[in-house]
Amino acid sequence: MTEQTAPTAPRPTHRRPAYDTTEVGTELPARTFPVTRETLVRYAGASGDFNPIHWSERFAKGVGLENVIAHGMFTMAEAARVVTDWAGDPGAVVEYGVRFTRQVVVPDDDEGALIEVAGKVAAKLDDEKVRVDLTVTCDGKKVLGMARAVVRLG
């Protein structure tokens, strides 16, 4: 018998930002995240949230919504990716919170919706931590308010 080993994960190529050289006002790389009905069905399977407002246009409109809407937690998670990608380590995020301000409406077409996320270091805190404020929009309208993360830098 031969011994088999699991493949090792590739080494990260991104260096974590250093607290000493990170300044208030530093902008994180902005990202755009496409959201289609397929994306929502996949997220429903992963999260266990099968509420029909996230996949059935008939049901969503029947309860007074404009159309199918993205899961709030999905929108929140996509926004967090901007922070974790910048930090280079998801474990560096020690606090994260948002206020849901508007729904992300997802039409039934090939394009779906686009969630746009920009971030900026808003404050340097104690213990090598920074506060990152995020701006999260869809169709030019803010969908998450008070979106903030506290990140411990190396």
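Any chance you could get the radius of gyration and Dmax over the Cα atoms of the stretch 8-154, in Å?
16.9, 54
Would you please put 38-45, 130-137 in order of how densely packed they are, using the mean number of other Cβ atoms within 10 angstrom per residue and starting with the highest?
On the way: 38-45: 15.6, 130-137: 19.5.
Sorting 38-45, 130-137 by mean packing, highest first, produces 130-137, 38-45.
Spin-label point model (7 Å from Cα, Cβ direction): what's the Tyr19 to Asp110 distance in nm?
Label at Tyr19, label at Asp110, 4.9 nm between them.
Taking only the alpha carbons of the stretch 103-154, what extent do you get along each of the three principal axes, in Å, biggest first?
On the principal axes, the stretch 103-154 reaches 47, 19, 13 Å in Cα extent.
Kindly write out, for the stretch 138-154 in residue order, the coupling ³J(HN,Hα) from the Karplus curve 6.51 cos²θ - 1.76 cosθ + 1.60 (θ = phi - 60°), rounded to whole Hz, with x marking Gly and Pro.
Residue by residue, the stretch 138-154 yields 9, 6, x, 10, 5, 10, 10, x, 6, 7, 9, 10, 10, 10, 8, 9, x Hz.
Where a number appears in this text, it was derived from the coordinates with a stated rule and is not lab data. What you are looking at is a predicted structure, and each value in this text was computed from that prediction instead of being measured. Backbone-built Cβ (ideal geometry, glycine too); neighbour counts: all protein chains shown.
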